[in-house]
Amino acid sequence: MSEIEELLLPHISRLKTYQGVSPSETLAEEAGIPLEQVIRLNGNENPYGPSPQVAEALGSFRDYNHYPDPAQRRLREALSDYLGVPEDNIVAGNGSDEIIDLLMRMFLAPGDEIIIPVPTFGMYSFSADVAGAEAVSVPRDENFDIDIEAIQGAITPRTKAIFFPTPNNPTGNVVTEAQARALLDTGLLVVSDEAYYDFCGQTLMPLLSEYRNLVVLRTFSKWAGLAGLRIGAGAMDSELAATMMGMKPPYNVNLAAEIALLASLSDTAHLLDRVDAIVKERGRMYRLLCEIPGITVWPSQANFILCKMPDGRGLEVYEAMCRRGVFLRYFDNELLRDYIRSSVGKPEETDAVVAGFRAALGVD
Ligand SMILES: *Cc1c(COP(=O)(O)O)cnc(C)c1O
């Protein structure tokens, strides 16, 4: 009889877990503060919550005993209007994270490679690892812009795809159309993850009709405040979409997520007003952070701002912020040493971040 571990795939038993955000209750407990004092700025969530119409639609719906539509008819129809591409080009996912995972499973065999310009979102290397493939990191330049030549130079016979967010998480800068075209001309699968599109308005969606190797990802987690319900989408070549529709879990998007998406898309004016408020607040937060001596602030086109703390002081500042109940994302790796990313929240949350940084750094 073998030990169960011997049956486990080796790349799964040594998998590095993705570090997601913790529930507010856990954060409060760890910091020893009351739940009401928790300020969550570590997951780029929407501080204004979903559209009020979401709760209403979820509460009045009766048919939760039915399975959702495996063909996603209503979802794809609604998404088609929102994304501006035909229904046949769309697949809805359990968050855009699921579309990332599906793409990895469609294109990668163990030993295959994807290229990711780093620093970037952790899900690409995580999902590639799960597939037994390798995410090859290509460093961005000193402004965190992608380095086209270095990417071209990193392509091997096993390279299948290039994944990047635009705007990039956690640096907030975009990939230009010219850069995207250069990557698309490699013929590899190119995935433009536009999770923060609604905060910047720049998209590679119009290139879909020109390039069959382009996939554009969108999510309702950030701009529409639906992170907890898990709903995102991919726009791609219609044959690729049909293949993905055929291999996804049949009921991958639950009915609550579908109802929430439809309610959100019938209330976009209201949701976009909140997006405007966040974009406006981003400008104010950027200016206030820039006034703090000793930290470097990166301009952002998304709903978060990346800062570099003085050398060797990142952890200390991060921990001081946790004790104040302000939860941010701390980075300490080769590329991002002493960096902290804060989501853009409500004005009073910005004030708490700025006051906390000033206190932690001893600059008043
Ligand atoms: C937040 C985020 C996502 C996650 O989207 P879900 O739809 O919640 O799975 C995807 N890509 C990037 C770059 C993100 O920052």
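Values as computed for the structure displayed
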read-out: Residue-span extension gain [K16 to Q152] - 0.36 nm each, minus C-alpha spacing; value: 46.2 nm
read-out: Alpha-carbon centroids, the stretch 98-138 and the stretch 241-259: separation in whole Å; value: 21
read-out: The stretch 246-364: translational diffusion in µm²/s, Stokes-Einstein, Kirkwood Rh over Cα pairs, 37 °C, 0.692 mPa s; value: 202
read-out: Å² per residue, accessible surface of the chain at 1.4 Å; value: 45
read-out: Accessible area of the chain belonging to carbon and sulfur atoms, whole % at 1.4 Å probe; value: 51
read-out: Cβ charges +1 (Lys, Arg) and -1 (Asp, Glu), total dipole of the chain, debye; value: 360
read-out: Reachable lysines from K280, criterion Cα separation under 18 angstrom, eight or more residues apart if same chain; value: K222, K346
read-out: Under DSSP loop assignment and at most 13 Cβ neighbours within 10 Å, longest GluC sites (Glu not before Pro)-free interval of the chain; value: 4-141
read-out: Options L262, A235, I295, ranked by Cα towards positive dipole end of the stretch 232-307, top entry (Cβ charges); value: I295
read-out: Shape call, the stretch 16-152: gyration tensor on alpha carbons, a/c limit 1.5; value: oblate
read-out: Low-density loop positions, trypsin sites (Lys or Arg not before Pro), the stretch 203-293 - DSSP coil, at most 15 other Cβ in 10 Å; value: R212
read-out: Farthest positive-ward along the stretch 1-128 dipole, Cα basis, beta-carbon charges - from S22, G84, L8; value: G84
read-out: Signed unit charges on C-beta, dipole axis of the chain, positive-most listed residue V216, A109, L58; value: L58
read-out: Estimated dipole of the stretch 1-132 in Debye, rounded to 20 [Cβ of Lys and Arg +1, of Asp and Glu -1, Cα centre]; value: 220
read-out: Distance (nanometres) between label positions extended 7 Å along Cα→Cβ at D332 and S24; value: 2.8
read-out: Three-way shape call for the stretch 71-209 based on the alpha-carbon gyration tensor, with the a/c threshold at 1.5; value: oblate
read-out: Förster radius 25 Å - calculated FRET efficiency between R313 and E142, Cβ distance, rounded to 0.05; value: 0.75
read-out: MRE, 222 nm, helices only [DSSP H, n ≥ 4, -39500 (n - 2.57), over the chain, to nearest 500]; value: -11500 deg cm²/dmol
read-out: Tail fraction, Cα-Cα pairs, the chain, threshold 32 Å, whole percent; value: 34
read-out: Antiparallel DSSP beta bridges within the chain, percent to nearest 5; value: 50
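The values are calculated or read from the model by the stated rules, or taken from the named source; none is laboratory data. Not measured: the values here are computed from a predicted model. Please note: Cβ atoms are built from the backbone with ideal geometry, for glycine as well, and neighbour counts cover all protein chains shown. Keep in mind that these areas ignore ligands, DNA and RNA; they rest on the heavy atoms of the full protein, side chains included. Shrake-Rupley method; radii C 1.70, N 1.55, O 1.52, S 1.80 Å.
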